[in-house]
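Below is one structure, written out as structure tokens; comments come after it.
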Amino acid sequence: MKWKVVGAVVVLASLWLSSLPLVRAHGTLDQFNDPSQYSSWGAHSLLFYSPMGQEFTPTRPLLKSVELLLENFHQTTEPETISINVREGSLEGSVMGSSSAFVEPEWGSGWKSWIHFDFGGRAGQGITVKPGRVYVIEIVVPTLNWGFCNNDGDTYPGGRMIFMGTPKVNLDSGFGTFSNP
């Protein structure tokens with residue numbers, strides 16, 4: 001009898017848990033471009049071609065986090081800190097927020113990964129943005145070891161890749177922005 005009661009409790013708890021909404025740790029995806037889904041894609045050195053970044057146009061009023069698709073260009077497996085700024089309008093615009101990620105490459109040259117950056121400290125409050133306005137993710141790196149993955153063509157209609165400080169019409173980078181659910 002005891003095991004039947006325990007079994008019933010487990011079933012009821014499972015049903016209750018399955019009715020709750022699924023919440024991702026990064027929040028709700030707002031903007032996204034994945035260059036790896038296109039035939040013409042690669043990466044450019046972040047330090048050599050800096051300043052680099054990506055314009056984006058949010059549809060939600062809070063930017064909680066950003067993910068960037070980066071490539072390790074050299075045979076390093078040494079960890080590094082990569083930082084980003086979110087600027088209003090252009091690379092010259094006001095800094096709305098900054099974040100850093102401690103990156104430990106799993107392999108040497110050619111390793112690609114989505115690197116995650118949070119805003120708002122441990123509480124993750126995020127950055128208040130205005131939907132429909134353009135913002136820029138500016139990438140700051142300490143060495144030549146990293147490249148920003150991008151693709152040819154205008155695949156993200158809400159912005160352009162920033163290459164050597166200039167927005168490029170036919171380049172878009174690998175990025176995602178997340179807001180609160």
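The values are calculated or read from the model by the stated rules, or taken from the named source; none is laboratory data. This one's a predicted model, so the numbers in the text were calculated from it and none came from an experiment. Cβ: placed from backbone, ideal geometry, glycine included. Neighbour counts: every protein chain shown.
A single entry from V169, V140 fulfils the requirement of being among the β-branched types (V, I, T), at pLDDT below 95 and over 18 Å from I82 (Cα atoms): V169. Which one is modelled with the lowest pLDDT among residues in the stretch 74-87 that are assigned to a strand (DSSP E or B) and crowded, with 16+ Cβ neighbours inside 10 Å? Checking each candidate, the answer is E80. Considering each residue of the stretch 148-157 in turn, none proves to be at pLDDT 95 or above and among the β-branched types (V, I, T). Annotation note: of E71, E67, the sole residue that is assigned to a strand (DSSP E or B) and touching a Lys or Arg at 6+ places or on another chain (Cβ under 6 Å) is E71.
Scan the stretch 106-127 and tell me whether some residue there is at pLDDT below 85, of a type in the set (F, W, Y), out of contact with any Pro (no Cβ under 8 Å at 6 or more places or on another chain) and not in a strand (DSSP E or B). So far as the stretch 106-127 goes, yes, one or more of its residues are at pLDDT below 85, of a type in the set (F, W, Y), out of contact with any Pro (no Cβ under 8 Å at 6 or more places or on another chain) and not in a strand (DSSP E or B).
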